[in-house]
Structure formats: structure tokens, C-alpha cells
Amino acid sequence: MSREAFYQLTAEDANVLMCMLERHRARRGPFAAVLREKFNRSRVFSREDIPANVVTIDTEFIYTVNGVRAGPHVLVHKPTGELPRLALSVCSMRGLALLGLAIGEKTEIPRNNSEFEVLTVESVLFQPEAETRLGEKGRGAAELSDESPQVVDFRPRPRKVVISDDDDPGPSAA
């Protein structure tokens, strides 16, 4: 895979990759290498903050393989067995490689014979997270909303120093 790639995942997508990593932990080979790189080089967003032009699980999109148009496909989280023609499994090499890419971004994946395929996301036709945001805005919520990204802060809070007039040092002084 291309080293310049920067992947953007939802928390749900990251959980799927984590489960896949657990299953492929001891395995070697190109799929396991792509999986580890994808997980290690990704930035995780909440569903509300993932950009609308990024391929997530259940996204319908069009991409190219070495410049030849493919799709539209829907990226699904199902094994590569008997899927409808429209479906592309995240458990396949192409599906895994395309997860987290934005429109215009490209990546390389190894083929069976020491060659590479160049995959490029051409367009995102439907992304469930973006559709959910549009639906929520369309309902016309009267409440004020905070448009800043929702990030969890794990820094410890500073402790308040309590100053007492009592000069008794307590049992710890003994």
C-alpha cells in the first residue's frame, strides 16, 4: 500500500478492523500487512464528524482499478462468499484497501504475481453517516448545536488544593 495514504475511519469501522486484526494476528501475507497498516495509519472520527467524501462501511461508491472504472459498489462487512454483484466485502483485499479513502485518494495493493493494482476513489454516491446528518438537519431541530468535532479528553483534571486553618497534621505525621 502507498505510504502517503491517510485513512479516515468511523469508530465502528475501527472496531471492525480490530476484530479482523484479532483473527489475523498470527497470519502473514499481503492481506494481514494491509490490515495492520490500515489500522496503524488511520484517524478515527465519530459518526457525526467523518467527512462525507470518505468510504466507510455501507458506503456506495465508484472507484477505478489501474484507471479502469469499477462499481458502483457498496462496501459491506460480510465475508467474501456469495455477495450480490453490487457488494464489495471489507474482508477482500480491494474492500479493505478502499476503506477510509476519500474521493481522489489512491492506494496500491499487491496482486497475486508481484505486480500492484492502483485503486482510486472516484465518487461517493451514498454514505450512511452523511445521510444521517442530512436527516437530522432536515427535521429542523430548534436546539442549538455545537458544530465542533466531538473529542473525548483523557487528560486528568487538576486537583484543587484545600487550604485549612487547622494546623493538626493528622495521623500521617506520626
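The values are calculated or read from the model by the stated rules, or taken from the named source; none is laboratory data. These figures come from a predicted structure and were not determined experimentally. Note: ideal-geometry Cβ built from the backbone for every residue, glycine included; neighbour counts use all protein chains shown. SASA here: full protein model, heavy atoms, side chains in, ligands and nucleic acids out. Shrake-Rupley method; radii C 1.70, N 1.55, O 1.52, S 1.80 Å.
Checking the structure you have, find out if any residue of the range 87-95 is of a type in the set (A, V, I, L, M), within 22 Å of Glu131 (Cβ to Cβ) and touching a Gly at 6+ places or on another chain (Cβ under 8 Å).
Step one: filter the range 87-95 for residues of a type in the set (A, V, I, L, M), giving 87-88, 90, 93.
Remaining after also requiring within 22 Å of Glu131 (Cβ to Cβ): 87-88, 90.
Right, trim to touching a Gly at 6+ places or on another chain (Cβ under 8 Å) and you get 88.
Yes.
Look at Glu12 and say whether it is surrounded by 13 or more Cβ atoms within 10 Å (Cβ to Cβ), at pLDDT below 95 and either touching a His at 6+ places or on another chain (Cβ under 6 Å) or within 25 Å of Ser123 (Cβ to Cβ) (or both). Explain how you work it out, then say what you get.
On the way: surrounded by 13 or more Cβ atoms within 10 Å (Cβ to Cβ): yes; at pLDDT below 95: yes; either touching a His at 6+ places or on another chain (Cβ under 6 Å) or within 25 Å of Ser123 (Cβ to Cβ) (or both): yes.
Yes: the conditions hold for Glu12.
Just name the residue that is nearest to Val54 (Cα to Cα) out of those in the range 87-109 that are open to solvent by 20 Å² or more (accessible area, probe 1.4 Å) and part of a loop (DSSP other than H, G, I, E, B).
Selected residue: Ile103.
Being more than 22 Å from Lys106 (Cβ to Cβ), modelled with pLDDT of 90 or more and touching a helix residue (DSSP H, G or I) at 6+ places or on another chain (Cβ under 8 Å), is that true of even one residue in the range 22-45?
Within the range 22-45, not a single residue is more than 22 Å from Lys106 (Cβ to Cβ), modelled with pLDDT of 90 or more and touching a helix residue (DSSP H, G or I) at 6+ places or on another chain (Cβ under 8 Å).
Could you tell me whether Gly71 is of a type outside the set (S, T, N, Q), farther than 16 Å from Gln8 by Cβ and assigned to a helix (DSSP H, G or I)? Spell out how you get there, then give the answer.
Working: of a type outside the set (S, T, N, Q): yes; farther than 16 Å from Gln8 by Cβ: yes; assigned to a helix (DSSP H, G or I): no.
It is false that Gly71 is of a type outside the set (S, T, N, Q), farther than 16 Å from Gln8 by Cβ and assigned to a helix (DSSP H, G or I).
Among the residues in the range 76-84, are any modelled with pLDDT under 90, under 28 Å from Gly29 (Cα atoms), surrounded by 12 or more Cβ atoms within 10 Å (Cβ to Cβ) and among the polar types (S, T, N, Q)?
yes
Is it the case that Val34 is open to solvent by 20 Å² or more (accessible area, probe 1.4 Å) and either in a strand (DSSP E or B) or of a type outside the set (Lys, Arg) (or both)?
On the way: open to solvent by 20 Å² or more (accessible area, probe 1.4 Å): no; either in a strand (DSSP E or B) or of a type outside the set (Lys, Arg) (or both): yes.
No.
Do the conditions hold for Thr56, that is, is it part of a loop (DSSP other than H, G, I, E, B), of a type in the set (S, T, N, Q) and crowded, with 21+ Cβ neighbours inside 10 Å?
Values: part of a loop (DSSP other than H, G, I, E, B): yes; of a type in the set (S, T, N, Q): yes; crowded, with 21+ Cβ neighbours inside 10 Å: yes.
So Thr56 passes the test.
So, in the range 1-16, of the ones that are in a helix (DSSP H, G or I) and without any contact (Cβ under 8 Å) to a residue 60 or more places away in the chain, which residue ends up nearest to Ile109 (Cα to Cα)?
Applying the first criterion (in a helix (DSSP H, G or I)) to the range 1-16 yields 11-16.
If we keep only those that are without any contact (Cβ under 8 Å) to a residue 60 or more places away in the chain as well, we get 11-12, 14-15.
Values: Ala11: 24, Glu12: 23, Ala14: 20, Asn15: 22 Å.
Here the answer is Ala14.
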